[in-house]
Amino acid sequence: MERVPIVKIGRTLFVSIQIDLEDESVVRLQEDLADALTATHANGVIIDITAMEIVDSFIGRMLTMIGAISRLFDAETVIVGMRPAVAITLTELGLSLRGVRTALNAEKGLALLNGSA
Amino acid sequence: MDELPIRSGDDVVRVRQHVRMAAADSGLSLVDQTKVVTAASELARNALVHGGGGTARVELVKADSGRKGVRIGFTDDGPGIADVGQALTEGWTTGDGLGLGLSGARRLVDEFELTSQPGSGTSVVVVKWSR
């Protein structure tokens, strides 16, 4: 099983998903992020999904849950870099990623977290 | 026609990658490729989680009109579905999801055929055509 690295920069945790993830890896990421939030006292999470070719209902639900879990640790989650084809497919699938914020790219996501967007 | 086993989360990823290649080969647009790969991901996961594992068959197809497409058949030997109509209802779930898997997959493809009987597994065949 592949593990997704979590990088802390300032008070933000950065996650860049670069490979086609199996379900267990996504669940693992959720757990690793919860651990990292308690350990680092970060107040923001940026998840870059630029490289993700699809987001199906399971992955979408996990992203929503990561947002909900982060909030319990007083941190905001921003999903960045969604491909246009993924956005169209997600909408048709009926998934709205309620509760997580989105931004075009990591820079804009960071600005959103810092309140300067 | 390629036959792929679905016995682990890893296999679900392999099915996605295989369908992606087949969809590109049959000339589907990037959006349509993404839709059929997403549908395949939902159905492969269903076969694994609810069917206890199964098989995906991926093939390129051609209509009489000359249109090309990709057809994927999923079969499992799981407990089957007692009420197919209910299973296809958006939001209906066995309890561990959002209930978007089957109904969502159906929306993302052009043809969708589900056959199932309690005790004799489930078969789903989907087709996505190039425009």
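Looking only at residues of the range B:25-37 that are more than 9 Å from every other protein chain (Cβ to nearest Cβ) and in contact (Cβ under 8 Å) with a residue 60 or more places away in the chain, we find that the one that is farthest from the chain's Cα centre (by Cα) is B:27. Residues that are away from chain B (no Cβ under 14 Å), more than 18 Å from residue B:44 (Cα to Cα) and hydroxyl-bearing (Ser, Thr, Tyr) number at least 2 in the following strands (runs of 3 or more DSSP E) confined to the range A:2-73: A:12-16. Of all the residues in the range B:9-37, those that are surrounded by 15 or more Cβ atoms within 10 Å (Cβ to Cβ) and among the hydroxyl-bearing types (Ser, Thr, Tyr) number 2. The residue that is surrounded by the most Cβ atoms within 10 Å (Cβ to Cβ), counting only those in the range B:38-65 that are of a type in the set (Asp, Glu) and away from chain A (no Cβ under 11 Å), is B:59. In the range B:6-24, the residues that are over 10 Å from residue B:58 (Cα atoms) form Cβ pairs under 8 Å with partners that are surrounded by fewer than 17 Cβ atoms within 10 Å (Cβ to Cβ) and aliphatic (A, V, I, L, M), at six or more places apart or across chains, as follows: B:9/A:1.
Among the candidates B:105, B:87, B:40, which residue alone is among the small types (Gly, Ala, Ser) and touching a strand residue (DSSP E or B) at 6+ places or on another chain (Cβ under 6 Å)?
B:40
Within the range B:28-52, the set of residues being modelled with pLDDT under 95 and over 15 Å from residue B:101 (Cβ atoms) comprises just one member, B:52.
The values are calculated or read from the model by the stated rules, or taken from the named source; none is laboratory data. Not measured: the values here are computed from a predicted model. Cβ coordinates were reconstructed from backbone atoms using ideal geometry, including for glycine residues, and neighbour counts include every protein chain displayed.
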